[in-house]
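Structure record follows, encoded as C-alpha cells.
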Protein chains: 2
Amino acid sequence: MTQTRRRGAALEEAILRAAVEELTESGYAGLTMDKVAQRAGTNKNAIYRRWPNRLALGVAAYRLLTTAVQPPDTGDLREDALELLRRANRHWSSPLGAILRELMAAAGGATEFLAQLPEQSTDTMAATWLTVLGRAVARGEAAPEALHPRVATVAIVLLRNEFVVRGAPTAPDEVLVEIVDEVFLPLVRQRGIDRGTPSL
Amino acid sequence: MTQTRRRGAALEEAILRAAVEELTESGYAGLTMDKVAQRAGTNKNAIYRRWPNRLALGVAAYRLLTTAVQPPDTGDLREDALELLRRANRHWSSPLGAILRELMAAAGGATEFLAQLPEQSTDTMAATWLTVLGRAVARGEAAPEALHPRVATVAIVLLRNEFVVRGAPTAPDEVLVEIVDEVFLPLVRQRGIDRGTPSL
DNA sequence: CAATTAAGGTACTTCTCGTACCTTATCCTT
DNA sequence: AAGGATAAGGTACGAGAAGTACCTTAATTG
C-alpha cells in the first residue's frame, strides 16, 4: 500500500515541486507549510529539516521558476535597451512578478534572501546591461565612461521604481520609451559627445 | 476611581500616541493591536472602529513621526542635490527608515497605503527635486529640459535602489557623490550644453 | 544483522488578527 | 430633566499558520 519511502534528493525534489505548485497557484501568501507537506505526500518535519523557514522555501521554489536569458543584440543600443525594459516590464507585471514582489516584501531588508532572487541581484542586472552597453561602445554609440554599473543600470532601476511606486499594472510603453530617451540615452552619450544618430 | 471615559478625538489621539510609542519601541513587527489597546488604556474595539486593520494604524502612526522639511537652497545645484541625498540617506538608515521599510513591505503593492507614505509618494519627491532644479535652471546650471519629474528624481530613485538592494546600512558618502556626479549632473546639464563649472 | 540515519505521524504551543456580543458611560435632543 | 442614541469598555473566542517535540518506523550502511 505504502509505496517505498522516499528520502534524500528524491524527497527534496518532491517538496520543491509541491512548493512550486502552491506558489504558482496561490502565491507566496498562500504557500503554507502544511499544504506543501500534504501536497508532497510528506510532513512538515521533512521540510524543516531542509529549509529553516517558510521564506527560504519560497525563495528556493521561486528560483526554479525563472530561467536566465541572453541579452538582446539588435545592433542598436536604443532597441536593446527597450527590449530589456520590455522584458522586465512583462516579467514584473506577470504572475511571477507578483510572487517576486511578495518574496521581496517578506524578505524585508534581509540581503541574504534578496541576493538569491535573480531579478534582484545587482550583479545579474549589471552584467546584462554592461554587455549591451559594451557592444554599443564598440559601435561608437555610447561613451566608454558609461561602462559603469551605476550608469548602466539606470534604466532598469527607474523601471523598477515605477513598480514600487505604482504597484502591479504593466507600465505603458511610453514610460519605457521615456526612460530610454530622456534618461538612459542622454546619459550614456555623455558629455556632449553627440555622435550617434538621434533615433526617432 | 475610573477617570472620565474618553471618546471621539481624545480617545483617537490616545490610541495614536500609543501606536507611535509601540512603533518606535518595537517597530511595525512589534505593533500588535492588543498592546496598543492596552497602552492606550482602551481595547481593540475602539481601534477597529477607527482603522480597518493593523497596517492602516501603522501607517497613520508613522505619519505622525515624520515632518515635512524645506528643500535646501545653497545656490549650487551639486550641493543642493547632495544635501537632499544625505537627508534621505540619514532617514533611510535611521530607525524611522527601518519602520518605513517594514510598512512598505507590509503594504505589498497596495498603492492606497503607499501613497500615504510621504517619502514614498512620487509627488512629494518630485516637487522637492523640481524646486531645487528649477532654481538651478534659473541660474543657468541646468538645462530647462531637465525640468521633468522622471529626470529630476533620478538621483533619489537610485539612492532608494541602494537600500532595496543592499539593505539597511547607511550608504557611504561616495555613493551619493557618485550618483550626483556620474548620473544626476551629467543628465541635467543635458545635450552638450556644458556651461557649469566642473565642481570637484 | 546491527546500528545509524532519515521519514512519517501527530499533537501541541504560541501568536495575533479580527469578530461577536453584551454592558455601561456620555452626549444630545426634545 | 428624561430618555434615546451613540460610542466605550470588557471579555471571550474563532481561525490560521508557524514552528517544535517526540515517538515510531523504514531504509541505508558497515
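Which condition from (1) surrounded by 15 or more Cβ atoms within 10 Å (Cβ to Cβ); (2) within 16 Å of A:Ile99 (Cα to Cα); (3) more than 19 Å from the chain's Cα centre (by Cα) is the one that A:Thr42 breaks?
Exception for A:Thr42: condition (2).
B:Tyr28 - would you say it is within 16 Å of DNA strand D (Cβ to nearest atom), among the hydroxyl-bearing types (Ser, Thr, Tyr) and over 30 Å from B:Thr131 (Cβ atoms)?
No, not satisfied.
Identify, by number, the condition in (1) closer than 27 Å to A:Glu102 by Cα; (2) not assigned by TED's automatic domain parsing to the domain that holds B:Leu176 that B:Gly108 doesn't meet.
Unmet for B:Gly108, out of (1) closer than 27 Å to A:Glu102 by Cα; (2) not assigned by TED's automatic domain parsing to the domain that holds B:Leu176: (2).
Residue by residue through segment A:67-95, note down the ones that are in contact (Cβ under 8 Å) with a residue 60 or more places away in the chain and of a type in the set (A, V, I, L, M, F, W, C).
From segment A:67-95, those in contact (Cβ under 8 Å) with a residue 60 or more places away in the chain are A:71-73, A:75-78, A:81-82, A:84-86, A:88-90, A:92-93, A:95; that's our starting set.
Across segment A:67-95, the qualifying residues are A:Leu77, A:Ala81, A:Leu82, A:Leu84, A:Leu85, A:Ala88, A:Trp92.
Give segment A:105-140 a look and list any residue that's closer than 17 Å to A:Phe163 by Cβ and charged (D, E, K, R), or say none.
Once the filter is applied, which keeps residues that are closer than 17 Å to A:Phe163 by Cβ and charged (D, E, K, R), segment A:105-140 yields only A:Glu119.
Here are A:Val165, A:Val137: which of them is touching a helix residue (DSSP H, G or I) at 6+ places or on another chain (Cβ under 6 Å) and at the interface with chain B (Cβ under 10 Å from one of its Cβ atoms)?
A:Val165 is the lone residue from the list that is touching a helix residue (DSSP H, G or I) at 6+ places or on another chain (Cβ under 6 Å) and at the interface with chain B (Cβ under 10 Å from one of its Cβ atoms).
Taking segment A:1-30 on its own, how many of its residues are part of a loop (DSSP other than H, G, I, E, B) and either within 14 Å of chain B (Cβ to nearest Cβ) or within 8 Å of DNA strand C (Cβ to nearest atom) (or both)?
Here is the first cut: in segment A:1-30, the residues part of a loop (DSSP other than H, G, I, E, B) are A:1-7, A:27-30.
The next check asks that each one be either within 14 Å of chain B (Cβ to nearest Cβ) or within 8 Å of DNA strand C (Cβ to nearest atom) (or both); those that pass are A:2, A:5-7, A:27-30.
Summing the residues that are part of a loop (DSSP other than H, G, I, E, B) and either within 14 Å of chain B (Cβ to nearest Cβ) or within 8 Å of DNA strand C (Cβ to nearest atom) (or both) in segment A:1-30 gives 8.
Of all residues in segment B:108-123, which are within 19 Å of B:Ala146 (Cβ to Cβ) and more than 9 Å from chain A (Cβ to nearest Cβ)?
B:Asp123
So that you can scan it fast, the table gives a plain yes or no per residue for (1) within 16 Å of DNA strand D (Cβ to nearest atom); (2) within 30 Å of B:Arg189 (Cα to Cα); (3) not assigned by TED's automatic domain parsing to the domain that holds B:Leu133:
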| position | (1), (2), (3) |
| --- | --- |
| B:Ile15 | yes, no, yes |
| B:Glu22 | no, no, yes |
| B:Lys44 | yes, no, yes |
| B:Gln70 | no, yes, yes |
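What about B:Arg101, is it away from DNA strand D (no atom under 16 Å from the Cβ), at pLDDT 90 or above, basic (Lys, Arg) and closer than 26 Å to A:Ala105 by Cα?
Answer is no for this residue.
Scanning segment B:46-55 for residues that are among the basic types (Lys, Arg) and farther than 18 Å from B:Gly27 by Cα, which turns out nearest to DNA strand D (Cβ to nearest atom)? Before the answer, list the steps.
Here is the first cut: in segment B:46-55, the residues among the basic types (Lys, Arg) are B:49-50, B:54.
Now drop any that are not farther than 18 Å from B:Gly27 by Cα, which leaves B:49-50.
Values: B:Arg49: 5, B:Arg50: 7 Å.
Out of the qualifying residues, it is B:Arg49.
Need at least 3 residues that are within 16 Å of DNA strand C (Cβ to nearest atom) per element, so show me which helices (runs of 4 or more DSSP H) inside segment B:31-100 make the cut, counting only ones lying wholly within it.
Result: B:33-39, B:44-48, B:54-65.
The values are calculated or read from the model by the stated rules, or taken from the named source; none is laboratory data. Predicted model, so just to flag it, every value in this text is computed and none were measured. Counting neighbours? That spans all protein chains shown, and the Cβs are built from the backbone with ideal geometry, glycine included.
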